[in-house]
1. Kindly indicate whether Glu300 is over 24 Å from the mean Cα position of the chain (by Cα), more than 22 Å from Lys400 (Cα to Cα) and not β-branched (Val, Ile, Thr).
2. Any residue in the range 376-403 that is more than 26 Å from Ile343 (Cβ to Cβ) sitting within a Cβ distance under 7 Å of a residue that is not in a helix (DSSP H, G or I)? List the pairs, counting only those 6 or more apart or interchain.
3. So which residues in the range 376-390 are under 18 Å from Asn334 (Cβ atoms) and either part of a loop (DSSP other than H, G, I, E, B) or not assigned by TED's automatic domain parsing to the domain that holds Ile333 (or both), if there are any at all?
4. For the range 282-299, check the following and say yes or no: at least one residue is modelled with pLDDT of 95 or more, part of a helix (DSSP H, G or I), acidic (Asp, Glu) and assigned by TED's automatic domain parsing to the domain that holds Ala326.
5. How many of the residues making up the range 222-233 are more than 11 Å from Gln205 (Cβ to Cβ), crowded, with 20+ Cβ neighbours inside 10 Å and out of contact with any Gly (no Cβ under 8 Å at 6 or more places or on another chain)?
6. Checking Ala219 against (1) without any contact (Cβ under 8 Å) to a residue 40 or more places away in the chain; (2) under 27 Å from Asp168 (Cα atoms); (3) outside the structural domain of Lys24 (by TED's automatic domain parsing), only one condition comes out false. Which one?
7. Within the range 188-245, restricting attention to residues that are charged (D, E, K, R) and in a loop (DSSP other than H, G, I, E, B), which residue is farthest from Glu422 (Cα to Cα)?
Amino acid sequence: MKRVLVITYYWPPSGGAGVQRWLKFTKYLPDFGWQPVVYTPENPEAPAKDETLFKDISPETEVLKTSIWEPYSWYKKFLGIRKEEKINAGFISEQEKPKLKEKISVWIRGNFFIPDARKFWIRPSICFLMKYLEENPVDVIVTTGPPHSMHLIGLGLKKHFSIPWIADFRDPWSEIDFYEQLYLTRLADRKQKRQEKRVLTTADQVVAVGEIRAKDLEAIAGREVKVITNGYDETDFASTPVDPDEKFSIIHVGAMNRDRNHPAFWEVLGTLVQENPAFSEAMEMRLIGKVDYSVLHQIEVNGLENHIIKIEYLPHDQIAGVLQSAHLLYLPINNTPKPNSIIPGKIFEYLASRTPVVGTGPVNGDSAAIMKKTKSGIMVDFEDKKGLKLALLKYFDGYKKPHLKQKDTYHLRFSRKNLTGELVKVMNGFSPHRR
């Protein structure tokens, strides 16, 4: 087999969305003649743990680990957070924090920990991997971010080895939706963008997860960026029919931060509960994952407490069954300066479940385009209360009828194995590095 070194911060037992992309790629790479070698931290600050993910690690995968130091103990002490509490990604706060202290901590993070809080792992990792690669050659190196410190490890290795390097951007760097919330000084902003451009121009191939994001990176790099989307694993979904929920169940899976908290959605849901007794009696919404305190506030303001079930985390191997038994899936797109480019990873598992989807976000964005091509549901604009109400009532009116699933097959192109084949085409395109 050829060998590929994958440098990733997220790896089992870390749970959450960040781990899925490369866990699934490495699962299927041996089927295409590639052995994965994964380099990851021994002691990361993961937002959740999921032991069930170990079953997806291919037996052919070699895993290398070294310890990492991160400044989160200082952060927790400063904000009065218990040592054992996990740090949520994406600026999620489950309770309102002291605003001044929170702003100070974010300012320090943005201006002193560049590109991110994992910067202290860059130099030790380069030293460790240089020794490893001298004795254990590989044919390709992959770095995946965020955190974008992983790309700086790849940049450091590229100075010493001629091994082809793929920089995989699961999310943008300077274009990420919370970049403006980091309170960056002009000097810090320049340093972030300088590092970003060095990675984009030095890597042998840059990969993005969507068309608009690829174009944004191309504008910075002045070169072509390959698109390989996220996807779903066919083996996660039962081939036999799953019984539908008795209630009219609306499901949201994953973190819901302030940017994904759309007041219009909760307002429309609250109005339907008040105006429509049948809807009120039947509707149950489950929020599976961390939610920001602003979400809880909207639920309370709109009188929805008795209709909402909050589940902090479910192991990934239980998610598919929940999606398949639901009557409707909710897909909020981050309401940020560039929402058109956002494609939540969950959308592909939503598609695989064949359960209808209602999204709130830009109707001309990449997520809306995927929903349209797969005939999987309806995307309505952030503030389109009338359209949202009609969409919810459409699926509610049909929920007592036979549990019909979407029949379109366009979603099959997003299977993890098919996408791994696309990745392998890129890796095979490099001249043989190791004889």
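1. yes
2. Short answer, once both residue conditions are applied: Phe396/Phe248; Tyr399/Phe248; Tyr399/His327; His403/Pro244.
3. Selection gives Asp381, Phe382, Glu383, Asp384.
4. There is no residue in the range 282-299 that is modelled with pLDDT of 95 or more, part of a helix (DSSP H, G or I), acidic (Asp, Glu) and assigned by TED's automatic domain parsing to the domain that holds Ala326.
5. Final tally of qualifying residues: 3.
6. Just one mismatch for Ala219, condition (3).
7. Narrowing the range 188-245 to residues charged (D, E, K, R): 189-191, 193-194, 196-198, 204, 211, 213, 215-216, 218, 223-224, 226, 233-234, 236, 243, 245.
Okay, now just the ones that are also in a loop (DSSP other than H, G, I, E, B), so 204, 223-224, 233, 243, 245.
Values: Asp204: 16, Arg223: 19, Glu224: 16, Asp233: 15, Asp243: 35, Asp245: 37 Å.
Among those residues, the one meeting the criterion is Asp245.
Residues are listed down the side, and each one gets a yes or a no for (1) within 23 Å of the chain's Cα centre (by Cα); (2) under 23 Å from Asn334 (Cβ atoms); (3) in contact (Cβ under 8 Å) with a residue 40 or more places away in the chain:
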{"residue": "Arg213", "(1), (2), (3)": "yes, yes, yes"}
{"residue": "Lys226", "(1), (2), (3)": "yes, no, yes"}
{"residue": "Asp236", "(1), (2), (3)": "yes, no, yes"}
{"residue": "Pro244", "(1), (2), (3)": "no, no, yes"}
{"residue": "Asp259", "(1), (2), (3)": "yes, yes, yes"}
{"residue": "Phe265", "(1), (2), (3)": "yes, yes, yes"}
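The values are calculated or read from the model by the stated rules, or taken from the named source; none is laboratory data. This structure is a prediction, so every number in the text was calculated from the model and none was measured. Counting neighbours? That spans all protein chains shown, and the Cβs are built from the backbone with ideal geometry, glycine included.
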